[in-house]
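Enquirer: Got a structure for you, written out below as structure tokens; questions coming shortly.
The values are calculated or read from the model by the stated rules, or taken from the named source; none is laboratory data. Note that this is a predicted model, so its numbers are computed, not measured. When we count neighbours, we look across all protein chains shown, and the Cβ atoms used for this are built from the backbone with ideal geometry, even at glycine. Quick note on the areas: whole protein, heavy atoms, side chains included, nothing else; ligands and nucleic acids left out. Shrake-Rupley method; radii C 1.70, N 1.55, O 1.52, S 1.80 Å.
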Amino acid sequence: NKLESVNPLRPASTFDSSSKEVLTIRTEEIVFPGSDLQKEMASKMLEALQLNDENNFNEEDECVICMEGFTKENPRMPTLCGCGENKTYFHLPCLYQWMEQSNECPSCSEEITWEEF
């Protein structure tokens, strides 16, 4: 029977974490919810997210309006303009204040867009 000759998916026993953004397994494997491997992958992803959060509050990054740094309480707002996606940083209150005067980026003079969460 042709159906019997097809190899079914098998449980994954390990994953590849060489990419810092995506954990991968083989295409013929699956990860069962609640398995030790799933817990290990979730832990690794959480570590990466926490590291990314720490990196997002880089002391060198500052709001282009008030020139102050970012904190968890007053994070940078993701924007898009001629500078590129998330290349010009604003606090949300500063972005609102700026947009009352102009819808152009103070760095590149192109239109700024953003999405509120």
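Enquirer: Give me the distance in nm between label points sitting 7 Å out from Cα along the Cα-to-Cβ direction at Lys39 and Met67, one decimal.
Expert: Between Lys39 and Met67, the label points sit 5.2 nm apart.
Enquirer: Now, a different point. Summarise the accessible area of segment 71-117 (1.4 Å probe, protein heavy atoms) by the percent that is carbon and sulfur.
Expert: Carbon and sulfur: 46 percent of the exposed surface of segment 71-117.
Enquirer: Something else: Taking θ as phi - 60°, what are the ³J(HN,Hα) couplings along segment 104-114 by the Karplus curve (6.51, -1.76, 1.60), each to the nearest whole Hz, with x for Gly and Pro?
Expert: So the Karplus estimates, Gly and Pro as x, are 9, 4, x, 8, 10, 6, 9, 4, 9, 10, 7 Hz.
Enquirer: Note down the nm distance, to one decimal, between modelled labels 7 Å out along Cα→Cβ at Glu111 and at Tyr96.
Expert: Label at Glu111, label at Tyr96, 2.3 nm between them.
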